[in-house]
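Read the figures in this text as sums done on the coordinates, not as results from a lab. What you see is a predicted model; the values in this text were computed from it and never measured. Positions of Cβ are generated from backbone atoms using ideal geometry, with glycine treated the same way; all protein chains shown enter the neighbour counts.
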């Protein structure tokens, strides 16, 4: 992200949707064991899957490989699973002794209080995905590592006016204060994939000063 800012560029909307679909696809596997996600098609959770939560999503834990991604885009790779834990351990109280249940304090969602060990889970990951998109769009690089500006995140314009209404709506859904109102990764991934492919077909930008 810093290299993009240093070059005087920003992330095109197509690139942002690519990050969303890539991260959401990875989370859909962690949360629900969902694979082979198709654009615009509902994904189904296999039986007996032990849900895993990443709990430390942020830009520096998301890698972009220059090739191999959908539609010629960068391949999105999730990294750093050091805080990953099963939902069954969270719900069973076996994870309560961990000091940082949501990974990085500045990336805690509203409910991510270390004094409430059962308050985090899959919807923590969804909030962190939304906050990551906010950081990418707003280029929040004033601190290291980059972190969300919550005053801007919960303003009327969390990602900037150059991005479309669907992306604004997606970030607002992902960062809902109530975890129950946030969407599931298995629902976000196919929708984001569909939108990204639509933008590519319509001439979405991929090179130059936009990434």
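Quick notes
- Ranked list, fewest to most other Cβ atoms within 10 Å of each Cβ, for 41, 199: 41, 199
- Prolate/oblate/rounded label for region 122-174 (Cα gyration tensor, a/c 1.5): oblate
- Taken along the Cα-to-beta-carbon direction at a fixed 7 Å, the label points for residue 63 and residue 152 span 2.8 nm.
- Added length on full extension, which subtracts the Cα-Cα distance from 0.36 nm per residue, residue 187 to residue 161: 6.8 nm
- Model label sites at residue 178 and residue 47, defined 7 Å from Cα along the beta-carbon direction, differ in position by 3.3 nm.
- The ranking of 49, 127, 17 from fewest to most other beta carbons within 10 Å of each one's beta carbon is 49, 127, 17.
- Comparing region 30-76 with the 2.2 N^0.38 Å rule of thumb, its C-alpha radius of gyration ratio is 1.42 (two decimals).
- Neighbour-count order for 191, 91, fewest beta carbons within 10 angstrom listed first: 91, 191
- Residue 77-residue 36 FRET efficiency (beta carbon distance; Förster radius 22 Å; 0.05 resolution): 0.80
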